[in-house]
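Novice: Shown below is the structure under consideration.
Taken together, the values in this text are just the output of simple stated rules run on the coordinates, not laboratory data. These numbers were taken from a predicted model, which means no experiment stands behind them. Cβ: placed from backbone, ideal geometry, glycine included. Neighbour counts: every protein chain shown.
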Amino acid sequence: MEELKIALRVNDLDNVATIFANGIKDGMEVEIRDKKGNKETVTVIGDVPYGHKIAVKDIHVKEQIIKYGEEIGVATHEIKRGEYVHVHNLDSMRGRGDLEKETVQ
Amino acid sequence: MTTWYGYRRADGSVGSRNYVAVIPSVTCANDVANAICREVQGTVTYMHHQGCCQLPPDLDRVTETLISLGKSPNVGAVLIVSLGCEGTDHARMYEELKATGKPTEIIHIQELGGVSKAIREGTDIARRLVMEISSQQREPADVSEIVMAIKCGASDTTSGMASNCVIGYVADKLVDLGATVIFGETTEFLGGEHLLAKRAVNEEVGKKIFQIVNEMEERAKSIGCDMRRGQPTPGNIAGGLSSIEEKSLGAIVKSGTRPIQGVLEYPEHVTNQKGLWIKDSPGREPEILTGMAATGAQFMCFSTGRGAPQGFPSMPVIKICGNPNTYENMKDDMDLNAGLIITGDKTIEEVGEEAFALLLEVLNGKMTKNEAIQYFSAIDIHCLGPVI
């Protein structure tokens, strides 16, 4: 039997985990691990490239996305547990000259 | 006690290399400086693009950065190549570098009657300077005399979990031994600045950290667009970094955990500042590598995930790769494989100790892969105002 691929959750507050494995496809199972050695299995939603992230719990629109125990952006869509998280459903809140422009107009 | 061996300079600093720096005072002198450099072994040059038709604060910034590059402990003698009509202050460069006690010379292309004559004259001077400093021997130096610059480039999500952790380990170790460590890339504090400010030695330094981050962010926002694609770069995004916040939180890991003593301006050269310092600088390689060399760093530890091969002419750069796939793919350019942390084959401490042993060897003269491949001509000086 092939070994389960690992998704690393670096901080207890994190709602995403990073997968360091090639060939992670939609529907595959991965094991989320934290620094304390806790493990849980999740089914991946979407194809996830090496070093990219999945949600470890459901994340709602406008909710903060947390990695390293800190905000790395906010969700722009409803995100399911196990779903691929990247620029298509995460928005940066910094260096956003475009948002200020909209406010001014 | 850990001892290393370097070139002791008149100002007390110790270099890991012993170059003659051929410094163009303005971009218009680059080709002459480069021609001299090609002719004379043991020389380096800095092919920057600044020094004329800029606002006075930027002209001062360029003048001071070039002076600081000449003051670098890795530089044993200086030849300034001036065009003659530039906006930078070549006379000040000459006076301040002469005052350090280093052999310092200057030539003016217009005054010498043109490019060919300037190359001939400059080549003769550079040869004499190289011979003059070539008899200097390495002498024992203490670990506390180390000035290490750190940087990450072409990052991906392995950077914050492997290679930057290794540099953080080394940074803490060097700070504890009384050395100086400089980190920068102010843009890559966005989203993590509150964590850095908490480590400031006092309230004033904490405020300064928020101030430089705010200034950097406001400059980016003034263009009226989303910063993404500029920072993080398309390569960062392809590597899994979704936002500048995520990139920053991984980037600041390389600064370790020790208190932050203060913020250095971009052209600033350290004198006797010990501990961990910030250099206010952008993330892009040509500009930050120049800023770090100007600081007086004898070498740099450079973390990468996707594989950044760039270096700097007079500052050895050690490449520490966090991505095991990239390391295998770009072995000829990467010095150390921190990807073994990601694969679970080594711990941060194990690779950290390897990095520490390697940096002492590099200080003692061992060539880095970047020096061997000579991939370091694309450099520049970071300016704030427009070219006018």
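Novice: On C-alpha positions alone, give me the angle between the axis of helix B:30-39 and the longest principal axis of chain B, in degrees, nearest 10.
Specialist: 90 degrees
Novice: Under the √(5λ) rule applied to the eigenvalues of the Cα gyration tensor, what semi-axes describe the equivalent ellipsoid of segment B:2-76? Give them in Å, descending.
Specialist: Details: eigenvalues 136, 60, 10 Å².
Those come to 26, 17, 7 Å.
Novice: Using only Cα atoms and rounding to the nearest 10 degrees, what angle (0 to 90) does helix B:115-133 make with the longest principal axis of chain B?
Specialist: Helix B:115-133 sits at roughly 70 degrees to that axis.
Novice: On full extension of the chain, what length is gained from A:E78 through A:K35, given 0.36 nm per residue of separation minus the C-alpha to C-alpha distance? Show your work: numbers first, answer last.
Specialist: On the way: separation 43, 0.36 × 43 = 15.48 nm, distance 2.72 nm.
Gain in length upon complete extension: 12.8 nm.
Novice: Continuing with this model, one more query. When only alpha-carbon atoms count, how far does the protein assembly as shown stretch along each of its three principal axes, as whole angstroms with the largest first?
Specialist: Answer, in whole Å and largest first: 72, 58, 42 Å.
Novice: With springs only between Cα atoms under 10 Å, which of B:V78, B:V205, B:V351 fluctuates most in a Gaussian network model of chain B?
Specialist: B:V205
Novice: For B:T27, B:T45, which order do you get if you count the other beta carbons within 10 Å of each Cβ and list the fewest first? Intermediate results must be reported in sequence, preceding the final value.
Specialist: Working: B:T27 19, B:T45 27.
With the fewest neighbours first, B:T27, B:T45 line up as B:T27, B:T45.
Novice: What ranking of A:S92, B:S242 emerges when the number of other C-beta atoms within 10 Å of each C-beta is taken as an exposure proxy, fewest first?
Specialist: Values: A:S92 23, B:S242 27.
Going from least to most buried by this count: A:S92, B:S242.
Novice: Of B:Q310, B:Q137, B:Q54, which is the most mobile in a GNM of chain B whose springs link Cα atoms less than 10 angstrom apart?
Specialist: Comparing B:Q310, B:Q137, B:Q54 in a Gaussian network model of chain B, the most mobile one is B:Q137.
Novice: What does the helix-only formula give at 222 nm for chain B: each DSSP H stretch with n ≥ 4 adding -39500 (n - 2.57), the total divided by the residues, and the result rounded to the nearest 500 deg cm²/dmol?
Specialist: About -11500 deg cm²/dmol.
Novice: Once you have all Cα-Cα distances for segment B:146-210, histogram them in 5 Å bins from zero and send the whole-percent values.
Specialist: Bin by bin from 0 Å, the calculated values are 4, 15, 21, 26, 22, 10, 2.
Novice: Compute the distance from the alpha-carbon center of segment A:1-46 to that of segment B:358-372, in whole Å.
Specialist: Using only Cα atoms to place each centre, the spacing works out to 38 Å.
Novice: From Cα pairs below 8 angstrom and at least 6 apart in sequence, can you work out the relative contact order of chain B, rounded to a whole percent?
Specialist: Working: 923 pairs, mean separation 85.7, N = 388.
Dividing the mean separation by the residue count of chain B yields 22 percent.
Novice: Give the Rg (one decimal place) followed by the Dmax (whole number) of segment B:90-140, computed from C-alpha coordinates and expressed in Å.
Specialist: Rg, Dmax (Cα atoms, Å): 13.5, 45.
Novice: A further question follows. What is the distance in Å between the Cα centres of segment B:166-225 and segment B:41-70?
Specialist: Here the two parts' Cα centres lie 25 Å apart.
Novice: Now, a different point. How high is the relative contact order of chain A, given as a whole-number percent (alpha carbon pairs under 8 Å, six or more residues apart)? Intermediate results must be reported in sequence, preceding the final value.
Specialist: Working: 244 pairs, mean separation 25.5, N = 105.
24 percent.
Novice: Dividing the alpha-carbon radius of gyration of segment B:177-310 by 2.2 N^0.38 Å (N being the number of residues), what value is obtained?
Specialist: Working: Rg = 14.5 Å, N = 134, 2.2 N^0.38 = 14.1 Å.
Segment B:177-310 yields a ratio of 1.03.
Novice: Here is a follow-up. Using only the Cα atoms of chain B, build the gyration tensor, take square roots of its eigenvalues as a ≥ b ≥ c, and label the shape rounded, prolate or oblate: rounded if a/c is under 1.5, else prolate if a/b is larger than b/c, else oblate.
Specialist: Working: a/c = 1.67, a/b = 1.35, b/c = 1.24.
Prolate is the answer for chain B, as a/c is 1.5 or above and a/b outweighs b/c.
Novice: Please state, to two decimals, what the Cα-based radius of gyration of segment B:143-373 comes to when divided by 2.2 N^0.38 Å (N = residues). Present the calculation step by step, with values, prior to reporting the outcome.
Specialist: Details: Rg = 16.2 Å, N = 231, 2.2 N^0.38 = 17.4 Å.
Scaled against compact globular proteins, the figure is 0.93.
Novice: Now, a different point. For chain A, what is the largest minus smallest coordinate of the Cα atoms on each principal axis, given in angstrom and ordered from greatest to least?
Specialist: 59, 27, 20
Novice: Pull up the DSSP beta bridges for chain B and report the antiparallel fraction as a percent, rounded to 5. Present the calculation step by step, with values, prior to reporting the outcome.
Specialist: On the way: 8 of 47 bridges.
Of all bridge pairs located within chain B, approximately 15 percent are antiparallel.
Novice: Plugging the Kirkwood radius over Cα pairs into Stokes-Einstein for segment B:19-133, at a temperature of 25 °C and a viscosity of 0.890 mPa s, what D comes out in µm²/s?
Specialist: Stokes-Einstein gives a translational diffusion coefficient of 181 µm²/s.
Novice: With Cβ to Cβ distances under 15 Å as the rule, what net charge do the other residues near B:G168 carry (K, R +1; D, E -1)? Before the final figure, lay out the partial values.
Specialist: On the way: positive: B:K151, B:K173, B:R199, B:K254, B:R258; negative: B:D172, B:D176, B:E185, B:E188, B:E349, B:E350, B:E353, B:E354.
Here the count lands on -3.
Novice: Let me ask something additional. Remind me, relative contact order of segment B:143-373 in percent, using alpha carbon pairs under 8 angstrom and six or more residues apart? Each step should come with its number before you reach the end.
Specialist: On the way: 508 pairs, mean separation 67.9, N = 231.
The value is 29 percent.
Novice: Specify the angular offset, from 0 to 90 degrees and rounded to the nearest 10, of the alpha carbon long axis of helix B:203-221 from the longest principal axis of the alpha carbons in chain B.
Specialist: 80 degrees
Novice: Of the candidates A:V87, A:V16, A:V42, which one comes out as most mobile in a Gaussian network treatment of chain A with C-alpha springs shorter than 10 Å?
Specialist: A:V87
Novice: Right, something else. As a footprinting exposure proxy, order B:K208, B:K319, A:K57 by other Cβ within 10 Å, with the fewest listed first.
Specialist: If I rank by nearby Cβ atoms, fewest first, I get A:K57, B:K208, B:K319.
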